[in-house]
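Written out below as structure tokens is the structure these notes cover.
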């Protein structure tokens, strides 16, 4: 899957309808440009591509009274909603997701019911444990602790990484089961977007490309 795809779908969905600069502003406010490929060019490209694919509707709106080209506002189609939730569930449940994909999933996890998020994260832990067990069995036999020489450090790195990810995921499950955060169907969700007109302190300052 693509982290930028999930991030852009989720950011547009938070607004209902949003233009490219709003999406970019939201993702920069999250710091997504630091931990993912959510750079301005990637964001605008994703918006246009998903509109072509039928996942979004593109609406041209009038230019502002101070001049400038018209903006394009985007909103998710029914297919876009389905794609968004498919990617979100994959991001939370699969053990081999890249860090930016998992980060995007955690950022939007409150769009799902609490019980479903817990189930998806538990699925991730089981997958991590299964992977680790398989690797340990085949690459680190008990009678030869260092069968691959220094190359064995590669597997040691991945096994320790799996340990760390499983531990972090269990901690997140515990916090969610303990009542942390507001999930779908529980009331007013946390809105992690800047109000219209509020300056973004984390903006990159790059000029906005095109009219998106």
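The values are calculated or read from the model by the stated rules, or taken from the named source; none is laboratory data. Remember, predicted model here, so these are calculated numbers, not experimental data. Cβ: placed from backbone, ideal geometry, glycine included. Neighbour counts: every protein chain shown.
Is segment 16-26 home to any residue that is modelled with pLDDT of 90 or more, surrounded by 22 or more Cβ atoms within 10 Å (Cβ to Cβ) and over 20 Å from residue 192 (Cα atoms)? No.
When residue 136 is tested against (1) in contact with a helix residue (DSSP H, G or I) (Cβ under 7 Å, 6 or more places away or on another chain); (2) at pLDDT 85 or above, only condition (2) is not met. Cβ-Cβ distances below 7 Å connect the following pairs, each with a first residue in segment 58-75 that is at pLDDT 75 or above, a second residue that is surrounded by fewer than 10 Cβ atoms within 10 Å (Cβ to Cβ), and a separation of six or more residues or different chains: 75/16.
Looking at residue 129, is it at pLDDT 90 or above, over 30 Å from residue 26 (Cα atoms), under 32 Å from the mean Cα position of the chain (by Cα) and assigned to a helix (DSSP H, G or I)? Quick ask: steps written out before the conclusion?
Details: at pLDDT 90 or above: yes; over 30 Å from residue 26 (Cα atoms): yes; under 32 Å from the mean Cα position of the chain (by Cα): yes; assigned to a helix (DSSP H, G or I): yes.
Criteria met by residue 129.
Residues in segment 1-30 that are over 20 Å from residue 112 (Cβ atoms) and more than 12 Å from the chain's Cα centre (by Cα): 17, 18, 19, 20, 21, 22, 23, 24, 25, 28, 29.
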